[in-house]
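Participant: Structure below; questions to follow.
The values are calculated or read from the model by the stated rules, or taken from the named source; none is laboratory data. Worth saying up front: this structure is predicted, and the values here are computed from it rather than measured. As a convention, Cβ positions derive from the backbone with ideal geometry for all residues, glycine included, and neighbour counts pool all protein chains shown.
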Amino acid sequence: MSRLILVRHAQASFLEPNYDKLCATGEVQARMLGEYWASRGVLFSRACSGPRVRQVQTARMVEEAYRKLGREFPEMSVMNEFDEYPAEAVLKLGLPQLLERSQEVRDLHQAFERAKNSDERKRSFQQMFEAVIGMWVSGELVVDGVESWPDFCARVDRGITAIVNSATPAGDFVVFTSAGPIGAAMRRALHLPHADTLQLTWMSCNASFTEFLSSGSRFTLSTFNAHPHLEDKNLLTYR
């Protein structure tokens, strides 16, 4: 029996010019995850991350926490299969289409444009984002030249298969990734439809971990969205 743990990256710089880097809160979240695991003797045989800066930074901060506590951590590699789905491209190229033909999206976009403070802006953006991505996942929105949701899920499946086929018996493999690939892995384990898979991605908090067990052709869920290291509720973030 092998164990595969997928970690959602710590909080990135939401609505900043460069989203793809950890914010100050994200750095705290990542460090606390590393300290939590290292202090409890959680060891991994292999480790990798997706290619995004926020994914790699989370991995490096966990590794650094291990080193500071005198624990070994495996050499990191990058697997492109665990990159996030192309959300930025879908929003950039798909939003203009939807503004022309969807009253719901027009209303959500106007609410975002009228937002008066940071909290309201974040909330209204998330509502608009979920609507656009939901239409893309369902096939109602097609963005030419951009990876589709089924292709994204197939990509993550290939990454999981590569890990499972290469894992040593009883080996523990940790992957630092994003909410989308975690949802795709849940889909594989639970045989979920696409719409339900997407809903799970909204529930995954930053720096949480989800655990799967594999043996032969079996791939099963053990734990979803665990975050025992984030005891302070102010550290629970979802963007």
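Participant: Could you go through the stretch 98-105 and let me know if any residue there is out of contact with any helix residue (DSSP H, G or I) (no Cβ under 9 Å at 6 or more places or on another chain), buried (at least 17 other Cβ atoms within 10 Å of the Cβ) and farther than 22 Å from Phe173 by Cα.
Facilitator: So far as the stretch 98-105 goes, no, none of its residues is out of contact with any helix residue (DSSP H, G or I) (no Cβ under 9 Å at 6 or more places or on another chain), buried (at least 17 other Cβ atoms within 10 Å of the Cβ) and farther than 22 Å from Phe173 by Cα.
Participant: If you don't mind, there's one more thing I want to ask. Among the candidates Ala89, Ala111, Ala162, which residue alone is surrounded by fewer than 16 Cβ atoms within 10 Å (Cβ to Cβ) and more than 23 Å from Ser214 (Cβ to Cβ)?
Facilitator: None of the other options fit; the residue is Ala89.
Participant: Here is a follow-up. Do we find that Lys116 is charged (D, E, K, R) and either assigned to a helix (DSSP H, G or I) or modelled with pLDDT of 95 or more (or both) in this structure?
Facilitator: Against the criterion (charged (D, E, K, R) and either assigned to a helix (DSSP H, G or I) or modelled with pLDDT of 95 or more (or both)), Lys116 does not qualify.
Participant: In the stretch 92-123, which residues are closer than 22 Å to Ser13 by Cβ and touching a Lys or Arg at 6+ places or on another chain (Cβ under 8 Å)?
Facilitator: Hits for the stretch 92-123 are Phe112, Ala115, Lys122.
Participant: Those residues that are of a type in the set (A, V, I, L, M) and within 22 Å of Val53 (Cα to Cα), I need them from the stretch 147-190; list them, please.
Facilitator: Result: Val156, Ile160, Ile163, Val174, Val175, Ala179, Ile182, Ala184, Ala185.
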